[in-house]
Amino acid sequence: MKSSFEHLPKENRKKILLLCDDIRVHSGVATVAREIVIHTAHHFNWVQLAGSITHPDKGKRFDLCADTNRVAGIEDSSVFLYPTDGYGNPDLLRQIIQMENPDAILLITDPRYFEWLFAMENEIRKDIPIAYLNIWDDYPAPLYNKAFYEACDLLMGISKQTVNINKLVLGDKAKNKVLRYVPHGLNTKLFNPMTEFPKEFFEFKKNIFGNKEFEFTLFFNSRNIRRKQIPDTLLAFKYFLDKLPKEQAEKCALLLHTEQVSEHGTDLPVVIELLFEDYPNNVFFTQGKFAPEQMNWLYNMSDAQILLSSNEGWGLSLTEAMLAGKPIIANVTGGMQDQMRFVNYRKEWIDFDSEFPSNHTGTYKECGDWAFPVFPSNRSIQGSPRTPYIWDDRCNAEDAADQIMNVYMEGITGRTERGLKGHEWATGDEAGFTSEHQADRIMEAFTTLFNTWEPRGKFEFINANLEQPKVVPHNLLY
């Protein structure tokens, strides 16, 4: 796909200051941000406050122009990095703004990391608009985020749910913002269906499975944290194996690309020991950071991807699997709903509003052929002092086992056909889960922002008597 936005001379481009994970690393946020920078470098100049918990390069400045030119296929990019601990601080931001003179600021990741920046929005937005590529995992609509959303001029929601949440939380103030749907996009040169396999692929596979060949491999790729529900995934796989004759069960594998033990999750080998006494050789781990090529190998040596998270803003591993041409098994929550393409009674890809904020209750069941949804069996309100309430959508391991069986029963031909339909849709114009589509959406949103933005006034009158009570702006039952 060729960008519809023209190549601008460097001196005619707007400059955007990006605040998020260092785009040179391999976190989910960094991966998405890197693709945005690479695929918009012909139209925007970029400078980044490149975050890390404790950055070893703090205080330095890096010129990434040559690397960006090589990857983007252009000759005149302008991409510079200022590594920092965390995501920066007010003094450092003021310094970068003075040195770089950006035309806009773009934030990516949880708003709580930028509380310090939102606290100075009155100072910033007198001269520079603030844009936020944002996501929120679940309802009820987080009214505790209202001040963050109000501090932005452009809100790009990664999921349809997030766009709806932005509108609901902002209320009447939404009309003064630029709101856009900008789903995650990945590089199809890195994630794609493989028809030819290099020698290294087979060596890589042997290092994981040894000499054993499996007829069906289920893949999980995400962090070992509680909301990912990995023990439920293991339990679902065990229930699935129990339904098969012993000789067939022994030819099925579950591959987990995650930490075996994490204080944010659990001790997975202990869970496996508990559940898989009858199947001691059916669960495998890979750990650590792999190159994108090797990650694509993992998807291509598998038959389906599973993700049963009880909260999930998007679920990037589902996107990677779809681009690799694999079916997905997922809990119906958050942004994972988008990737399953549920349709209404008119066969239209569903959208959300205050009357119908989510499909996690199963209002609509029909979805894309590549998707095997698992609907939550219950919702509970969880929370913390900083995020006081959020629904936790939990599905039954038994229901997930049924969907694993449904994928298995498709056979290799059926799974391949379904997976390729997902690939076709994900790379097409409707979904557009590719780097090129994502970049075009970003460029359109910023172009609209630059054409319509007006600097914030020196002060604002607020009638405190008209302040609305903090009640949920959408149905709780639907």
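Couple of notes before you dig in:
- The listed residue being in a helix (DSSP H, G or I) and charged (D, E, K, R), out of R24, R34: R34
- Single residue of F356, F372, F352 found to be part of a loop (DSSP other than H, G, I, E, B), assigned by TED's automatic domain parsing to the domain that holds F237 and buried (at least 19 other Cβ atoms within 10 Å of the Cβ): F352
- For region 270-283, the set of residues classified as acidic (D, E) and either under 16 Å from G210 (Cα atoms) or part of a loop (DSSP other than H, G, I, E, B) (or both) consists of E277, D278, listed by residue number.
- Residue within region 420-442 that is of a type in the set (S, T, N, Q), surrounded by 14 or more Cβ atoms within 10 Å (Cβ to Cβ) and under 30 Å from L234 (Cβ atoms) present: no
- Yes/no for Y139 being in a loop (DSSP other than H, G, I, E, B) and touching a Pro at 6+ places or on another chain (Cβ under 7 Å): yes
- Screening L168 against (1) out of contact with any His (no Cβ under 6 Å at 6 or more places or on another chain); (2) surrounded by 15 or more Cβ atoms within 10 Å (Cβ to Cβ) leaves a single unmet condition, (1).
- Selection of helices (runs of 4 or more DSSP H) fully inside region 181-269 by the criterion of at least 1 residues being in contact with a Cys (Cβ under 7 Å, 6 or more places away or on another chain), farther than 14 Å from M301 by Cβ and aliphatic (A, V, I, L, M) returns 230-242.
- Checked against (1) of a type outside the set (A, V, I, L, M); (2) outside any helix (DSSP H, G or I); (3) more than 20 Å from A401 (Cα to Cα), E293 passes all but a single condition, namely (2).
- Condition met for S3 (touching a residue at least 12 places away in the same chain (Cβ under 8 Å), surrounded by 14 or more Cβ atoms within 10 Å (Cβ to Cβ), among the polar types (S, T, N, Q) and in the same structural domain as E75 (by TED's automatic domain parsing)): no
- In region 276-297 there is at least one residue matching the filter, namely being more than 26 Å from T416 (Cβ to Cβ) and acidic (D, E).
- Filtered residue count, region 194-244, keeping only those that are of a type in the set (S, T, N, Q) and within 20 Å of V261 (Cα to Cα): 5
- Single unsatisfied condition, A174 versus (1) assigned to a helix (DSSP H, G or I); (2) touching a Lys or Arg at 6+ places or on another chain (Cβ under 6 Å); (3) in contact (Cβ under 8 Å) with a residue 60 or more places away in the chain: (3)
- Odd one out for S302 among (1) at pLDDT 95 or above; (2) over 19 Å from the mean Cα position of the chain (by Cα); (3) surrounded by fewer than 21 Cβ atoms within 10 Å (Cβ to Cβ): (3)
- Restricting region 310-328 to residues that are part of a helix (DSSP H, G or I), closer than 20 Å to L133 by Cα and hydrophobic (A, V, I, L, M, F, W, C) leaves a set whose member that is modelled with the highest pLDDT is L318.
- Condition met for Q294 (in the same structural domain as K251 (by TED's automatic domain parsing) and crowded, with 19+ Cβ neighbours inside 10 Å): no
- Taken together, I381, I404 contain a single residue that is assigned to a strand (DSSP E or B) and in contact with a Phe, Trp or Tyr (Cβ under 9 Å, 6 or more places away or on another chain), which is I381.
- F446 more than 20 Å from the chain's Cα centre (by Cα), among the aromatic types (F, W, Y) and surrounded by fewer than 20 Cβ atoms within 10 Å (Cβ to Cβ): no
- The residues of region 120-136 that are touching a residue at least 40 places away in the same chain (Cβ under 8 Å), part of a loop (DSSP other than H, G, I, E, B) and not β-branched (V, I, T), listed by number, are R125, K126, D127, P129, W136.
- A72 vs. criteria within 24 Å of the chain's Cα centre (by Cα), surrounded by fewer than 19 Cβ atoms within 10 Å (Cβ to Cβ) and closer than 30 Å to S3 by Cα: yes
The values are calculated or read from the model by the stated rules, or taken from the named source; none is laboratory data. On a predicted model such as this, the values are computed, not experimentally measured, just so you know. All Cβ positions, glycine included, derive from the backbone under ideal geometry; neighbour counts span all protein chains shown.
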